[in-house]
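Participant: Here it is, the structure, as structure tokens.
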Amino acid sequence: MQNKESFSDEVLAIRAQQGGMADFEELAKRYWPRLHRFLLTYGNDAFASDITQETLLRAYQKISYYHSKKSFAPWVFTIARNLALNSLKRSRRKAEVAMDENSTVSNQEIENNPEIGMVWSKAKQFLSKTAYGSLRLHYGEELTIREVAIIMGKSEIAIKVILHRSRKKLAEYFKSNPIKL
């Protein structure tokens, strides 16, 4: 029997639709860190962890709605984005908890490469949530422009413009403020 790690995400999702709990567990293992990093766009570490867990639970419950001819990543990232936005709307209405806007990228990423960690941190600080989320998905998670557009609810051209402007803004910032280690 083939090792689950060698299966594509789409094959695992199809197998999960057929009742393969171990197949969905493999998907959850693969996507937990990616979803968590993306969700840091919207809040602090605790928020990202909660929404990541809720995303994977919802994905498991709704796996029958996954269309096997399409890529799995945009489907699950769209669930994550929608849950995050809904949670933020609820918390704004209730005004219970102020979000920690100073949260940065994952500690593991910073430990592995402080320069990359600083770039992501500055990107989060200076860019809008849409711009930062688009950058994170395209460059951090290596999703295609089309997949990012689907997740962010924008056209492909809009995502290309957002990415171009974001890169330009960050380049200008780092030109006048070089990274110091």
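The values are calculated or read from the model by the stated rules, or taken from the named source; none is laboratory data. The model shown is predicted, which means the values in this text are computed figures rather than measured ones. For neighbour counting, all protein chains shown are included, and Cβ atoms are generated from backbone atoms with ideal geometry for every residue, glycine included.
Participant: Of all residues in the range 125-181, count the ones that are small (Gly, Ala, Ser), surrounded by 12 or more Cβ atoms within 10 Å (Cβ to Cβ) and in a helix (DSSP H, G or I).
Facilitator: Total meeting the criteria: 7.
Participant: From Leu27, Leu85, Leu35, grab the single residue that is touching a residue at least 40 places away in the same chain (Cβ under 8 Å) and either farther than 16 Å from Glu141 by Cβ or touching a strand residue (DSSP E or B) at 6+ places or on another chain (Cβ under 8 Å) (or both).
Facilitator: Residue meeting the stated conditions: Leu85.
Participant: For the condition out of contact with any strand residue (DSSP E or B) (no Cβ under 6 Å at 6 or more places or on another chain) and either in contact (Cβ under 8 Å) with a residue 40 or more places away in the chain or among the hydroxyl-bearing types (Ser, Thr, Tyr) (or both), what is the one hit in Ile159, Ile145, Ile150? Talk me through it step by step, then tell me what you get.
Facilitator: Working: Ile159 fails: either in contact (Cβ under 8 Å) with a residue 40 or more places away in the chain or among the hydroxyl-bearing types (Ser, Thr, Tyr) (or both); Ile145 fails: either in contact (Cβ under 8 Å) with a residue 40 or more places away in the chain or among the hydroxyl-bearing types (Ser, Thr, Tyr) (or both).
After ruling out the rest, the residue left standing is Ile150.
Participant: Suppose the filter is closer than 30 Å to Phe174 by Cβ and either at pLDDT 90 or above or not assigned by TED's automatic domain parsing to the domain that holds Gly133 (or both); does Ala80 pass it?
Facilitator: Details: closer than 30 Å to Phe174 by Cβ: yes; either at pLDDT 90 or above or not assigned by TED's automatic domain parsing to the domain that holds Gly133 (or both): yes.
When the stated conditions are applied, Ala80 passes them.
Participant: Is it the case, given these coordinates, that Arg136 is closer than 18 Å to Pro33 by Cβ, outside the structural domain of Phe47 (by TED's automatic domain parsing) and modelled with pLDDT of 85 or more? Before you say what the answer is, go through the steps one by one.
Facilitator: Working: closer than 18 Å to Pro33 by Cβ: yes; outside the structural domain of Phe47 (by TED's automatic domain parsing): yes; modelled with pLDDT of 85 or more: yes.
So Arg136 passes the test.
Participant: Let me ask something additional. It is to be established whether one or more residues within the range 30-52 are over 23 Å from Lys154 (Cα atoms), outside the structural domain of Leu137 (by TED's automatic domain parsing), hydroxyl-bearing (Ser, Thr, Tyr) and surrounded by fewer than 16 Cβ atoms within 10 Å (Cβ to Cβ). Even if it seems obvious, please write down each step before you answer.
Facilitator: So in the range 30-52, the residues over 23 Å from Lys154 (Cα atoms) come out as 30, 32-33, 44-47, 49-50.
Still in the list and also outside the structural domain of Leu137 (by TED's automatic domain parsing): 30, 32-33, 44-47, 49-50.
Add one more test, that the residue is hydroxyl-bearing (Ser, Thr, Tyr), and what stays is 49.
Narrowing further to those that are surrounded by fewer than 16 Cβ atoms within 10 Å (Cβ to Cβ): none.
No, the range 30-52 contains no residue that is over 23 Å from Lys154 (Cα atoms), outside the structural domain of Leu137 (by TED's automatic domain parsing), hydroxyl-bearing (Ser, Thr, Tyr) and surrounded by fewer than 16 Cβ atoms within 10 Å (Cβ to Cβ).
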